[in-house]
1. Given points 7 Å out from each Cα along the Cα-Cβ axis, report the residue 86 to residue 72 separation in nanometres with one decimal.
2. Out of all Cα-Cα pairs in the range 22-67, roughly what percent, to the nearest whole number, are more than 11 Å apart?
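FYI, it's all coordinate maths here, none of it is from the lab. None of these values were measured; they are calculated from a predicted model. Cβ coordinates were reconstructed from backbone atoms using ideal geometry, including for glycine residues, and neighbour counts include every protein chain displayed.
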């Protein structure tokens, strides 16, 4: 282990100065494994399609609704206008492509 590596490891955790018993090391490894498994499980849950869709829907709802449930009419009108414009552009392009 190089000198720079030794400085990166906290004083109380340096392997060469570790006075733990094999049983204590095994217990630490088991605890670390459990924490790692819990972290992986949490990450897997966060990237599930259903979870991603739920968070997206919640963000969309907050975009058009206030926290107290009131509709933000200005944002709704703008969103509808943009959607109509996009559909209009698509329809025009398809019609021009047929000619």
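1. A separation of 1.7 nm, rounded to one decimal place.
2. 72
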